[in-house]
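Below: the structure, in structure tokens.
The values are calculated or read from the model by the stated rules, or taken from the named source; none is laboratory data. Given the structure is predicted, the values throughout are model-derived calculations rather than measurements. In this analysis, Cβ positions are derived from the backbone assuming ideal geometry, glycine residues included, and neighbour counts consider all displayed protein chains. What goes into the accessible areas is simple: the full protein's heavy atoms, side chains included, and nothing from ligands, DNA or RNA. Shrake-Rupley method; radii C 1.70, N 1.55, O 1.52, S 1.80 Å.
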Amino acid sequence: MEKSKYKDLVAKHTPKENRIYNGMVAFLIGGMMGVLGELLRQVYAYYLDIPTSEATMFMIITLIFIGCLFTCFGFFDKWVNFAKCGLIVPITGFAHAMMSAALEYRKEGLVTGIGANMFKLAGSVIIFGVVSAYTFGLIRLLLGGVA
């Protein structure tokens, strides 16, 4: 089969992506994640009488725990198929990436399995996050915006 005919056949049978729908779903789910985070922060601050800065840490820890727990139960992947980036972009996506790698390699042991493979995907996120934070901090310092 010729390359052009093959490409036409593949293009004909490839499902079309509805980007507007996917964007709206990701926007709404991401917004609901923000509301959930704020609700958790308010609950921790008000009912447990925790300062707001510490309540924010507890909120992040709770969202990471929920992301890891739902990954272990197998719910997270199904929800991401629906919610798209609405669940992947927040901290829950990072927790899912680390937990799914840990679950995949757990049979190889703590060090050679979980320890060696847990940061395969998350390591690049950490590296680029640190590098970009450093770069933008340096730009801000050079432009005189740091107080």
Note down all Cβ pairs under 7 Å where the first residue falls in the stretch 121-147 and is at pLDDT 85 or above, the second is among the β-branched types (Val, Ile, Thr) and not in a helix (DSSP H, G or I), and they're at least six residues apart or on different chains. Arg140/Val146
Selected residue (only one of Leu9, Leu36, Leu48 is open to solvent by 50 Å² or more (accessible area, probe 1.4 Å), of a type in the set (A, V, I, L, M) and modelled with pLDDT under 85): Leu9
Determine which member of the set Ala55, Ala26 is within 29 Å of Leu121 (Cα to Cα), within 14 Å of the chain's Cα centre (by Cα) and of a type in the set (Gly, Ala, Ser). Ala26
Criterion: touching a Leu at 6+ places or on another chain (Cβ under 6 Å) and either charged (D, E, K, R) or surrounded by 10 or more Cβ atoms within 10 Å (Cβ to Cβ) (or both) - qualifying residue of Thr71, Thr62, Thr56: Thr62
Determine which member of the set Leu110, Leu103, Leu87 is open to solvent by 30 Å² or more (accessible area, probe 1.4 Å), in contact (Cβ under 8 Å) with a residue 12 or more places away in the chain and among the aliphatic types (A, V, I, L, M). Leu103
List the pairs whose first member sits in the stretch 55-74 and is without any contact (Cβ under 8 Å) to a residue 40 or more places away in the chain and in a helix (DSSP H, G or I), whose second member is among the hydroxyl-bearing types (Ser, Thr, Tyr) and open to solvent by less than 30 Å² (accessible area, probe 1.4 Å), and whose Cβ atoms are under 7 Å apart, counting only residues at least 6 apart or on separate chains? Leu63/Thr92; Ile66/Thr92; Gly67/Thr92
Just the residues that are part of a helix (DSSP H, G or I) and of a type in the set (Asp, Glu), please, taken from the stretch 1-18. Asp8
Being part of a helix (DSSP H, G or I) and surrounded by 15 or more Cβ atoms within 10 Å (Cβ to Cβ) is the filter here, so list the residues in the stretch 113-131 that pass it. Gly113, Ile114, Asn117, Phe119, Ala122
